Amino acid sequence: VINAWTQTPTKWYPIPIAVGAMLLVVIQYRRKRKFSSPQVDVDHDGVEVIKLKGPWQVHVLGALPLRNMSRVWGYINSLELPAWFRPFGFRVYALAFGCNLDEIEEQDLTAYRSLGEFFYRKLKEGARPVDDAVLVSPADGTVLHFGTVQGSRVEQVKGITYSLDALLGVERPGTPPASIAPSHRDSMPVVDDHEFANVNGIEYSLDQLIGTGTSTPSTPTSTSPTSSFPNNPRKFGSQIDASVIESSRNIQETLAHDASVALEMGVKPTLERAQSLYGASVKPGNSLFFTVIYLAPGDYHRFHSPTAWVVEKRRHFVGELFSVSPYIAKRLENLFILNERVALLGKWRYGFFGMVPVGATNVGSIKINFDQALRTNERGRPPPPGTYSEAVYSAASPILNGQPLLPAQEMGGFCLG
Amino acid sequence: STIVLVFEAPQDFKFSIKADQKVKVGQRIGDV
């Protein structure tokens, strides 16, 4: 031991991974000190400031360029693979991640040109029988958590909660958003007070039901078409009617489909009945429930409608792209309100219904079939957490004033990168 | 990727799932 201690030559060499990790921690620590204060948890509007919270591992993750990494990952996986390699490669992938190749629609694996295409595979007709319950699973995956919303907080995993307002977005009164050009605003369909109050009613209903007194502001009551737009300083971009851009369905087909959805929702397919449905405030005796479903890499990555409902609007929150694996979900607070997501808000037979697909590092792109205007995981610095762009689907259905969906109807999916 | 559902329902709404349970599209997750 003495010889070894005294005679072994000391040889110095770099340890880049450890140094890199330390550097990221220091950068993140300095950034946190510069931009935040532990005493300040709300902004000047009284809304919670969304921060990166968690152990050192999540701060290291937070310092990484996750959005760029996600896009590079998407690009790599969009590269066309040699035809001879595809069956072998996809079978190895299926074996590694537990995909059932018997249930996919296209059985010829050479037809999938890239891993990205294989990842977004369709299933055979009838591969997923639909239960007659009022609520069915929108996706293949694992239930991370479920329960009731308590005090306008949603539990991410046991013991870690996040704000419902931050997840779905808050309508705020104030100055009209400067980013909406007047000409564009004039050409857009009117979001009337009826609908607007209804959407705000969701937030107030939370107070009424749970009595927690959230800081949600009051509803603007102007009746003019232009000023009836939600005046939200946190909103960015322009509000559009995505259904106008998207709508190319045959009118007869549309009416038949909408009538089916209306019947599924337990209402007569008449305009008055549909309007009364939208006008209904939250009924006494109701509660807000939530459930979180995690899609693992091997799972079928398209999502379907979990019930008969009408999507009135979507809010696109550009954000980070942390992994949403159970490991990270248990450690990173506010995970689902930091990540890029699309909040689809609407109504079902019992009142408010919201569905929020949340992106992740490997699957940063979210597609909505009836919204071709939506672009997710785009290049550029994300705006501050909590800001969103909004589109309404009021022109998609002449009866229900939104995009009607039947149970298990395909809605969209997650793509690699 | 993850999907979060938030919805209003009667207080007697009952989930028919468990934490960490695997689910498939169309499978019952709750009913009134």
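Using a Förster distance of 51 angstrom, determine the FRET efficiency expected from the C-beta separation of A:Ile76 and A:Trp5, and round it to 0.05. Numbers along the way, then the final one.
Details: r = 49 Å, r/R0 = 0.96.
Approximately 0.55, to the nearest 0.05.
Through the Karplus equation 6.51 cos²θ - 1.76 cosθ + 1.60, θ set to phi - 60°, convert the phi angles of region A:298-306 into ³J(HN,Hα) values in whole Hz; use x for Gly and Pro.
Running phi through 6.51 cos²θ - 1.76 cosθ + 1.60 with θ = phi - 60° gives x, 6, 4, 9, 9, 10, 10, 5, x Hz.
Under 5 Å between amide H atoms, partner at least 5 residues away or on a different chain: which partners does B:Gly30 have, H built in plane at 1.01 Å?
Residues meeting the amide H criterion: A:Leu135, B:Ser16.
Counting Lys and Arg as +1 and Asp and Glu as -1, what is the net charge of the other residues whose Cβ lies under 11 Å from the Cβ of A:Leu66? Mind dumping the intermediate values first?
Working: positive: A:Arg67, A:Arg71; negative: A:Glu320, A:Glu340.
Value of the local net charge: 0.
Using θ = phi - 60° and the Karplus relation 6.51 cos²θ - 1.76 cosθ + 1.60, list the HN-Hα couplings for region A:310-320 in order, rounded to whole Hz, with x at every Gly or Pro.
10, 8, 7, 7, 10, 10, 9, 9, 7, x, 6
May I ask which of A:Lys51/A:Lys347; A:Lys51/B:Lys18; A:Lys313/B:Lys24 have a Cα-Cα span longer than 28 Å here? Intermediate values should be presented prior to the final figure.
Details: A:Lys51/A:Lys347 31 Å; A:Lys51/B:Lys18 30 Å; A:Lys313/B:Lys24 26 Å.
Correct reply: A:Lys51/A:Lys347; A:Lys51/B:Lys18.
For A:Val363, what is the net charge nearby, where nearby means another residue's Cβ is under 11 Å from its Cβ and Lys, Arg count +1, Asp, Glu -1?
On the way: positive: A:Lys367; negative: A:Asp299, A:Glu340.
Around A:Val363, the charge tally is -1.
Readers should treat all values here as calculations from the given coordinates under stated rules, not as data from a laboratory. It should be emphasised that the depicted structure is a prediction, and the values quoted were computed from it without experimental measurement. As a convention, Cβ positions derive from the backbone with ideal geometry for all residues, glycine included, and neighbour counts pool all protein chains shown.
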